[in-house]
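Only one structure is covered here, and it is reproduced in the block below.
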Amino acid sequence: MPLLEIHDLHVTFRTPEGPVHAVDGVDFTLERGRTLALVGESGSGKSVSSLALMGLLPSPPAIVRGGPCLFEGISLLEAPEAERRRLRGNRMAMIFQDPMTALNPFLTIGRQLTEVLEVHRGVEGRPARARAEQMLHDVGLADPSRAFDQYPHEFSGGMRQRVMIAMALLLEPSLVIADEPTTGLDVTVQAQILALLKERAQKNEAAVLLITHDLGVVAGTADEVAVMYAGRIVEHADVDTLFRAPRHPYTRGLLQSLPRLDSTPKVELSVIPGHPPDPVRLPAGCPFRPRCRVAVERCAHERPALQEVAPGQRTACFVAEGA
Amino acid sequence: MNAPAEQLAPVLEPAPGEPEAAGQSLWQDAWRRLRKNRAAVAAGLTLLAIILFCVVGPWLSPWRFDVPDLEYGPQGPSLRHWFGTDALGRDLMVRCMMGGRLSLLIGLAATVVSLSIGVTVGAVSGYFGGRVDALLMRLVDVLYTMPFIFFAILLLAIFGRSLVVVFVALGAVTWLTMARIVRGQVLSLRNAEFVQAARTMGVSHLGIIFRHLIPNTLGPTIVYATLTVPAVMLQEAFLSFLGLGIAAPDASWGLLVSDGAANMTFLPHELIFPALLLSITLLCLNFLGDGLRDALDPRMRFD
């Protein structure tokens, strides 16, 4: 049984302008110990999907619906809030984008770590401190007993992200959701943090759901990639296949728009024309059609479903299917 | 991208010569920081001296606050009466001590009420938002529209004149502003990432409110609380002036000041002493509040 099975997940926000379909039927499965990257531009629904899985979207305005969404055999959408709270931090944890704001400025690092132990395990005092210091050591902080008593503002961004990773992995969750974990960091620190995340997750055999818009991060870290566009997964494949033989025109466009070291200087970067569609007024048919260079007649009124186009590669595109 | 394990070398080097941080909780840390603030320490000691003076003083003085010294009559300070006597010939020092007991008690009680009710209501309201917020804030609005004097007169008329009623009347109005201040603070913090991070860790709503949000609102809360004490003392004086609060021969600083003001042309000391005590107390409270605000903010630590 896979660790996480998501079927037909929908998230709709009620707004004065009408319902916004932020996530519009997402399917994927994630095995223990694997890393899946959700890639897409801002507003493609990748962060909303992860928050829906954590059960952190405020309702109203959010409405989360869908087929069975199973995590360790528990139906996430049907479980009562108390049970979901037991899962959070314990079985599934999250690492946030901005380590500068994700730690409480008024609590010491140690207090924020031991709080997790206290909430889920009832461990307090010396044993909690020992466990937290061990974890701080594991994420590469040199003087854990000193760091334990320090406040977040005394740490640099990279160190804070290490603390966030320590916090997320403290109870050895089986799923770690990392929402753009390296966006606010220097490139060198980025590499360290990603390596650390991967190493610690592998040690626990935890699955990682990596949310990012940085294809470089994806290539170096993920096992599988799911590309999202307008609230749907448009292409899902293992990382090598996706970079070597992308089938969806959107994925191709994304990869072509990356600047390359070997490209001729002063040649203009290739871009995908147009903008992502307004989520309140999605076009009929394929949402990518207005920007697509290979669109055919059928794309205008029928929405392509995710189909297997090659072994281990699923694409939602009529043209790719025919090819 | 796949950095080898050596690259994960420890990054936090201990700064040489930095004393080991011994503190654990916010309060222990705050206490250490407060002790370094000279103005706050001086203010705290002065306040302690005034409290001691008021609480212990009356037992040591040969004079009673409600019995006039008939041989002496109303006169200025002397060795017999250090602060002089009031218009009826009662020892002013003992009256100031007794007045201080009452004023400090009222100030403290109203502040405790304002802190406990105001902070809780404000934090709950701001955190949950929506209907809870609308309901609680409309309640605050309704209570706000009630004129304080009218409310106090009403209570005193129904329950008779007593100190408890004065406490209730003052407490009922002072928590309103506190609730609004805390709500505003919490509203701006509620969507902070660390709150969401705490939720992803499975912390309950109450845990978030009391462990994460309220400590973050302490700065403005403490400052407002130190402003509440003098405001309440003055309101009590106002009530007493109208004949609704404390009745003679009992005394409070507010009452003594208003009596003194009436006789200031021929017995100026009757105004000066209680006014001086009141002012020094208020000044000390402000310094102490300022020091506390800085001490409770971990980011001010190495300033």
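The numbers here are math on the coordinates, done by the rules we state, and not lab data. Worth saying up front: this structure is predicted, and the values here are computed from it rather than measured. In this analysis, Cβ positions are derived from the backbone assuming ideal geometry, glycine residues included, and neighbour counts consider all displayed protein chains.
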Gyration tensor verdict on the stretch A:120-194 (Cα atoms; rounded if a/c is under 1.5, prolate if a/b is larger than b/c, oblate otherwise): oblate
Straight-line reach only, C-alpha to C-alpha below 16 angstrom: list the aspartates and glutamates that A:Lys198 could link to, leaving out same-chain residues fewer than 8 apart. A:Glu31, A:Asp138, A:Glu172, A:Asp179, A:Glu180, A:Asp223, A:Glu224, B:Glu6
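With contacts defined as alpha carbon pairs under 8 Å and 6 or more residues apart, what's the relative contact order of chain B in percent? Working shown, then result.
Details: 382 pairs, mean separation 79.0, N = 303.
So the answer I get is 26 percent.
Please report the relative contact order for the stretch A:228-323, taking Cα pairs under 8 Å with a sequence separation of at least 6, and give it as a percent rounded to a whole number. Write down the numbers at each step before the final one.
Working: 114 pairs, mean separation 31.0, N = 96.
Averaging sequence separation for qualifying contacts and normalising by length gives 32 percent for the stretch A:228-323.
Computed over the Cα atoms of the stretch B:143-247, what is the ratio Rg over Rh, Rh following Kirkwood? Spell out each step's value before the answer.
Values: Rg = 18.5 Å, Rh = 16.0 Å.
The Rg/Rh ratio comes out at 1.15.
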The stretch A:237-317 shape via C-alpha gyration tensor axes, a/c threshold 1.5: oblate
Distance in nm between label sites at B:Ala275 and B:Phe210, each 7 Å beyond Cα in the beta-carbon direction? 4.6
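Could you work out how much longer the chain between A:Asn204 and A:Ser59 gets when fully extended? Use 0.36 nm per residue separation minus the Cα distance between them, nm to one decimal. Each step should come with its number before you reach the end.
Numbers: separation 145, 0.36 × 145 = 52.20 nm, distance 3.29 nm.
So the extension gain works out to 48.9 nm.
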Build a GNM of chain A with springs between Cα atoms under 10 Å: which of A:Ala207, A:Ala300, A:Ala93 gets the top mean-square fluctuation? A:Ala300
What is the set of long-range amide H partners of A:Val23 at a cut-off below 5 Å, with H atoms built 1.01 Å from backbone N? A:Val11
What's the FRET efficiency of A:Asp240 with B:Ala42 using the Cβ-Cβ distance as r and R₀ = 51 Å, to the nearest 0.05? 0.10
Rounded to the nearest 10, the angle in degrees between the Cα long axis of helix B:148-159 and the longest principal axis of the Cα atoms of chain B comes to 70
Answer rounded, prolate or oblate for the stretch B:164-303, using the Cα gyration tensor with square roots of eigenvalues a ≥ b ≥ c: rounded when a/c is under 1.5, else prolate when a/b is larger than b/c, else oblate. prolate
How big is the stretch A:2-84 by Rg and Dmax over its Cα atoms, in Å? 12.9, 42
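Which whole number of Å³ per residue matches the convex hull of the alpha-carbon atoms in the protein assembly as shown?
On the way: hull volume 132.7 nm³, N = 626.
Looking at the protein assembly as shown, the number lands at 212 Å³ per residue.
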Computed ³J(HN,Hα) along the stretch A:167-172: with the Karplus parameters 6.51/-1.76/1.60, θ = phi - 60°, integer Hz and x for glycine or proline, the list is 5, 5, 9, 4, 9, 6
Enumerate the calculated ³J(HN,Hα) couplings along the stretch A:230-245 in order (Karplus 6.51 cos²θ - 1.76 cosθ + 1.60, θ = phi - 60°), each rounded to whole Hz, writing x wherever the residue is Gly or Pro. 6, x, 10, 7, 9, 8, 9, 7, 6, 4, 5, 4, 5, 6, 7, 9
With no solvent and one point on each alpha carbon, what is the Debye value of log10 I(q)/I(0) for the stretch B:50-182 at q = 0.13, 0.19 Å⁻¹? -0.71, -1.01
Nearest 0.05, what FRET efficiency do A:Arg260 and A:Arg293 give at R0 = 22 Å with Cβ-Cβ as r? 0.65
What FRET efficiency would be calculated for the residue pair B:Val164, B:Ser188, taking the C-beta separation as r and a Förster radius of 25 Å, to the nearest 0.05? 0.10
Note on chain A: C-alpha Rg/Rh, Kirkwood Rh, two decimals, gives 0.99
For A:Ile177, distant residues with modelled amide H under 5 Å away: A:Ala93, A:Met94, A:Ile95, A:Leu209
Label-point separation (nm) for B:Leu283 and A:Met1, each offset 7 Å from Cα along Cα-to-Cβ? 7.3
Can you give the helix-only mean residue ellipticity at 222 nm for the protein assembly as shown, where every DSSP H stretch with n ≥ 4 adds -39500 (n - 2.57) and the sum goes over all residues, rounded to the nearest 500 deg cm²/dmol? -15500 deg cm²/dmol
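Sorting A:Glu235, A:Glu224 on the 10 Å Cβ count, fewest up front, what's the list?
Values: A:Glu235 28, A:Glu224 21.
By the 10 Å Cβ count, ascending: A:Glu224, A:Glu235.
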Of all DSSP beta bridges in the protein assembly as shown, what percent run antiparallel (nearest 5)? 60
